[in-house]
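I have placed the structure first, in the form of structure tokens, so that the comments after it can refer back to it.
The values are calculated or read from the model by the stated rules, or taken from the named source; none is laboratory data. Everything numeric here is computed off the predicted structure, so don't read it as measured data. Quick reminder, even Gly has a Cβ in these numbers, built from the backbone with ideal geometry, and neighbours come from all protein chains shown. All accessible areas refer to the heavy atoms of the entire protein, side chains included, with ligands and DNA or RNA removed. Shrake-Rupley method; radii C 1.70, N 1.55, O 1.52, S 1.80 Å.
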Amino acid sequence: MLCGGTTSLFATYGSSFSEVLGFSQYETNLVASLGDYAHYMSAPLFGYLSTRTGPTLVIQIAAILMFLGYMGLSYALDNLGNTTHRVGTMSVLFALVGVGSKAAYMSSMATAARNFKHSRHSGIALGIPLSLYGLSTFVFSSVKAKWFETDETPVRYLAFMAVVSGVAHLAASRFVVLKGDPLAPAAAVQVARKRTGEVDVPLSPDIGVASAAAVTDTDTGSPVVDSIEMKETRRRRMTVSATDPHNDTTSDTDAPLSTTSAAPSSTTTSPVTVPQKQQSPIHGFIRDPTAWCLLIGLICFSGPGLAFVNNCGTMVRAMAHGTALTDEQVGRYKDRVVATQSFFSFSSRLAVGYLSDIWRTRLRLPRAGMLVLAALLMIYAQNAAATVARLEDLHRLAILVGVAMGSVFTLAPTITAETWGADNFGVCWGVITLGPAIGGHMCNLIFGSNWDQGLVRIAARLGPNAPQESVRCDNECFVPAFLVTTKIAYIGLFFFVVVMSLPRFTALWNRNA
């Protein structure tokens, strides 16, 4: 995960697209948006593959894609020049980086969700890999500032990222482990008992282990389960019909389970169980309005956040025009802003993962309530972006956006795993995580369009005889974009409130009905 979350590094080298390849800001943002689309749109596929084939293959795919993407970007910056189809080429190469990053992300998250699905601390269990994902931008932007900042172009830096990403993921694929489900023996007992036609015998909640010996298949006579240790949990307590006198709940639970059905009494009738067709969990997820509200909320929350994350380097360059900083100092300042955002995203993922467990288990409050708090923080951050007046303001803005983004991207996957099941997490979270792709594309284009319009206004104000180097953007070029994204963030807040309230409202409605 530490090498997987490097798509946010685009802010550290994206400005080179305009300097080396002559891209407009709209074209640069188009490359970033298409990379984000590929990053998030591939999530359902890799979530499904992580569930069906295991995480090892998916991590190996991530290694190959990220190596090809970064190495291709390095080669293209060094050799494309003024050739045609530059935007398309750079978009495809950055898309490879995005898809590889998402493959690493989904394999890690699906593995953590399944390994800790019965834990009371699922929030922190998912928060740790997520925090490393957020920390990757901090680590590699710091590396760039230390060893590659004096380079005129990021060619060597991108080649370095290609090698590190490929080697790290190939090494990680050798050590990833998917634990077995501790409740799988209980499921095996139930399958065996259904096949033999036995009556369910309850386990005492005070006894943790029961053994089942010599359960046989009635068709073949061969043993189905020789010895099974089944742990009784609160979620899987089996009940017995009170009308069956042979089901004695006060009997010795240490005795072996019977392998024959109890004889029916002449005075009582055995209960008849009518099998019911169970709804697919994925089908239930698609029909659940909570899932759609969470998706729309993520669209409207993450879009404004990604607009800053992908363009903070451009904003630093704009605000540095009125200062005495050299180009090298501006580059270092840009890397520090990106690193600040990444570090606070990392810190908030760890902290919120732990606090959300306390919020849910001790305070008995829904995790979605913390989504609302994060949305309020994002609204405050967008208002702050619309009032940026000094270069130093970008550090405060990076902290706000980092905390808000890190919080939501810890809470949302945890809520998904708890609501629709850890076994379905790969597909369900893969669908919901399409939200950032849509929101990021929408808000990136809003930023790029407003930037280019601001540049045109400044050029018109200076007059046609003004030298080209004097036509430079300042905060006038991006403030209108953040006025729009603030309104979008308010919509995200509304849908997060719906996500928090809808389960309780539905329960009250069903109770009254």
On the basis of being touching a Ser or Thr at 6+ places or on another chain (Cβ under 8 Å), among the polar types (S, T, N, Q), touching a residue at least 12 places away in the same chain (Cβ under 8 Å) and surrounded by 24 or more Cβ atoms within 10 Å (Cβ to Cβ), does residue 416 make the cut?
no
Regarding residue 404, is this residue in contact with an Asp or Glu (Cβ under 6 Å, 6 or more places away or on another chain) and either assigned to a helix (DSSP H, G or I) or open to solvent by 20 Å² or more (accessible area, probe 1.4 Å) (or both)?
no
Return yes when residue 43 is modelled with pLDDT of 80 or more and open to solvent by less than 40 Å² (accessible area, probe 1.4 Å) and no when it is not.
no
Residues in the range 328-338: is at least one within 24 Å of the chain's Cα centre (by Cα), open to solvent by less than 30 Å² (accessible area, probe 1.4 Å), modelled with pLDDT of 85 or more and aliphatic (A, V, I, L, M)?
yes
Residue check, residue 433 of a type in the set (Ser, Thr, Tyr) and under 20 Å from residue 359 (Cβ atoms):
no
Of 429, 420, which residue is of a type outside the set (Lys, Arg) and under 9 Å from the mean Cα position of the chain (by Cα)?
429
Residue in the range 471-487 that is within 22 Å of the chain's Cα centre (by Cα) and closer than 28 Å to residue 34 by Cβ present:
yes
Here are 473, 443, 428: which of them is of a type outside the set (Lys, Arg), outside any helix (DSSP H, G or I) and either in contact (Cβ under 8 Å) with a residue 24 or more places away in the chain or open to solvent by less than 10 Å² (accessible area, probe 1.4 Å) (or both)?
473
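A quick yes/no check of all residues on (1) hydrophobic (A, V, I, L, M, F, W, C); (2) farther than 30 Å from residue 324 by Cα; (3) outside any helix (DSSP H, G or I):
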{"site": "354", "(1), (2), (3)": "no, yes, no"}
{"site": "357", "(1), (2), (3)": "no, yes, no"}
{"site": "365", "(1), (2), (3)": "yes, yes, yes"}
{"site": "370", "(1), (2), (3)": "yes, yes, no"}
{"site": "387", "(1), (2), (3)": "no, no, yes"}
{"site": "391", "(1), (2), (3)": "yes, no, yes"}
Restricting attention to the range 3-22, which residues are hydrophobic (A, V, I, L, M, F, W, C), open to solvent by 10 Å² or more (accessible area, probe 1.4 Å) and at pLDDT 75 or above?
20
For residue 70, are the conditions met, namely being aromatic (Phe, Trp, Tyr), buried (at least 24 other Cβ atoms within 10 Å of the Cβ) and part of a helix (DSSP H, G or I)?
yes
Hits in the range 321-347 (condition: out of contact with any Phe, Trp or Tyr (no Cβ under 9 Å at 6 or more places or on another chain), assigned to a helix (DSSP H, G or I) and of a type in the set (S, T, N, Q)):
329, 347
Suppose we filter 100, 123 for residues that are assigned to a helix (DSSP H, G or I), modelled with pLDDT of 65 or more and open to solvent by less than 10 Å² (accessible area, probe 1.4 Å); which single one remains?
100
